[in-house]
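Quick notes on the structure that follows.
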Amino acid sequence: MKILIIDDERSIRNSLKEILADEGYDVDVAENGAQGCTMVEKEKYSVIFCDIKMPEMDGMEVLDRFAQMGVDAAVVMISGHGDIDTAVECIKKGAFDFIQKPLDLNRILITIKNATEKVSLVKETKILKKKVYGQEMIGESAPMIHIREMIDKVAPTDARVLIIGSNGTGKELVARNLHQKSNRSTAPYVEVNCAAIPSELIESELFGHEKGAFTSAIKQHKGKFEQADGGTLFLDEIGDMSLAAQAKVLRVLQEKKLSRVGSDKDIMVDVRVLAATNKNLKEEIEKGHFREDLYHRLSVIVINVPTLDDRKDDIPLLVEHFVGQICAETGMAVRDIDPDAMQLLVDKRWTGNIRELRNVVERLLILSGERITASDVKAYVL
């Protein structure tokens with residue numbers, strides 16, 4: 001864990017550095033506020049100790065600068081001239097804690113422990129929110145502008161939407177944005193990957209089962225449709241669903257009711273269904289693998305998600321987004337990408353689409369030096 005100490009008194013910053021280094025922490029020091037802000041721009045710190053009384057740029061100004069920079073480290077203010085009003089002002093500006101000089105070692109170590117837990121919790125919460133609520137759709141290309149316009153028009157309605165696109169293009173992100181912008185946004189959002197569930201279990205997973213319905217049914221189980229009642233159900237890879245399960249899904253869409261496996265009792269459900277596939281469902285219908293009536297029920301609105309090769313103008317924006325996202329999640333320092341390196345990424349053929357691009361960006365961040373160069377892209381990607 002990296003710690004930064006910003007203090008204009010050499011004796012204090014060096015002695016504090018020595019003490020914390022002995023405790024096993026990786027510690028950097030800055031002799032003034034401006035230097036500290038520059039270091040924070042280049043490096044990721046978990047905890048920052050900052051003196052209040054400093055020449056040129058004092059601690060309060062440093063706090064304001066950190067707020068503008070979006071620094072998510074825990075900032076602990078230290079001062080030999082502190083009072084209650086000063087401490088309150090620091091906390092209002094975003095400081096994690098306030099410690100008076102002379103510094104007490106035990107107090108410092110406890111503060112670091114508490115600050116670390118807080119930073120970890122904030123990071124986990126951000127990651128969890130992204131997983132649960134989805135992420136911003138990145139891109140300003142014509143296809144992405146069209147998709148955003150479609151989402152804005154369709155989301156407030158209860159119309160069923162079929163999302164079509166290759167693997168890794170971001171179909172799940174479209175579905176989550178449709179839910180987020182809908183009138184059901186505060187209700188459950190449930191995802192089901194139809195390709196990942198064995199055909200013999202798909203009906204139980206979607207519609208639930210009663211205790212004793214089959215050998216392993218040791219208790220009653222609510223299916224995904226019931227779990228999503230009042231909200232949105234996203235059926236991913238619906239082209240891989242068995243014909244028997246398709247028939248039951250069709251009934252729910254037509255009658256808004258279902259029966260659990262092992263039961264004759266009807267259960268009413270109010271669910272908006274979104275579906276996605278990487279298959280050509282019209283071809284699957286001709287082969288007898290997909291029900292035509294279900295296709296027409298699902299495809300009230302069709303959104304085609306473009307491949308990354310069809311939206312190359314968005315690659316620089318996506319790379320910048322993934323660099324920031326990955327560095328925030330892992331604690332790595334944000335790195336710049338040389339124009340020549342970026343051009344190589346734009347020119348590359350992306351068979352794995354957005355998913356492949358994110359993996360490549362993460363690989364480059366791990367293996368490259370202070371900057372990502374064209375040589376790095378040639379060595380680790382092409």
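Read the figures in this text as sums done on the coordinates, not as results from a lab. Computed from a predicted model, the values in this text were never measured in an experiment. Don't worry about glycine lacking a Cβ; one is built from the backbone with ideal geometry, like all the others, and counts go over all protein chains shown.
Remarks
- For the chain, the antiparallel share of DSSP beta bridges with both residues in that region comes to about 5%.
- The Rg/Rh ratio of segment 167-255, with Rg taken over Cα atoms and Rh as the Kirkwood radius over Cα pairs, comes to 0.99.
- Lysines with Cα under 16 Å of Lys265, excluding same-chain neighbours fewer than 8 positions away: Lys211, Lys222, Lys248, Lys256, Lys257
- Note: relative contact order over the chain, using C-alpha pairs below 8 Å and six or more positions apart, is 14 percent.
- Flagged links, alpha-carbon separation over 28 Å, of Lys2/Lys378; Lys224/Lys279; Lys2/Lys348; Lys312/Lys378: Lys2/Lys378; Lys2/Lys348
- Pairs of alpha carbons in the chain whose separation is greater than 32 Å (percent): 52 percent
- 0 to 90° range, to nearest 10: angle between helix 10-22 axis and the chain longest Cα axis: 50 degrees
- Distance from segment 50-72 to segment 201-279 (C-alpha centre basis), Å: 55 Å
- Residues with amide H under 5 Å from that of Ile303, placed H, sequence gap 5 or more: Leu162, Ile163, Ile164
- Between Gly139, Thr186, Leu235, the Cα set farthest toward the positive side of the dipole of the chain (charges on each charged residue's Cβ, about the Cα centre) is that of Leu235.
- With all pairs of separate Cα atoms included, segment 193-318 yields a Kirkwood hydrodynamic radius of 16.0 Å.
- Test item: Cα-centred dipole of the chain, Lys/Arg +1 and Asp/Glu -1 on Cβ, debye: 1520 debye
- Three-way shape label, segment 160-201, alpha-carbon gyration tensor, a/c 1.5: oblate
- With 5 Å bins beginning at zero, the pair-distance distribution over Cα atoms of segment 245-358 amounts to 2, 9, 14, 13, 10, 10, 9, 9, 10, 7, 4, 1, 0 %.
- Karplus-derived 3J(HN,Hα) values for segment 47-54, using 6.51 cos²θ - 1.76 cosθ + 1.60 with θ = phi - 60°, are 9, 10, 9, 9, 6, 7, 8, 9 Hz; glycine and proline are entered as x.
- On Cα atoms only, tilt of 59-69 relative to the major axis of the chain in degrees: 20 degrees
- Amide H within-cut-off set for Val27, under 5 Å, with H built and near neighbours excluded: Ile3
- A straight line joining the Cα centroids of segment 8-45 and segment 168-182 runs 43 Å.
- Rounded tilt (10° steps) of 105-133 against the dominant C-alpha axis of the chain: 30 degrees
- Segment 308-380 - charge dipole about Cα centre, Lys and Arg +1 at Cβ, Asp and Glu -1, debye rounded to 20: 220 debye
- Within segment 192-262, the chymotrypsin sites (Phe, Trp or Tyr not before Pro) that combine a DSSP coil assignment with at most 14 other C-beta atoms in a 10 angstrom radius are Phe214.
- P(r) tail for segment 2-133: Cα pairs beyond 24 Å make up 24% of the total.
- Zero-based 10 Å bins, Cα pair distances in segment 308-380, whole percents: 20, 60, 20, 0
- Here's how it looks for Ile99: its modeled amide H is under 5 Å from those of Met77, Ile78, Ser79, which are all 5 or more places away or on a different chain.
- Residue-wise HN-Hα couplings along segment 37-42, as the Karplus relation 6.51 cos²θ - 1.76 cosθ + 1.60 with θ = phi - 60° gives them from phi, are 5, 4, 5, 5, 5, 9 Hz; Gly and Pro carry x.
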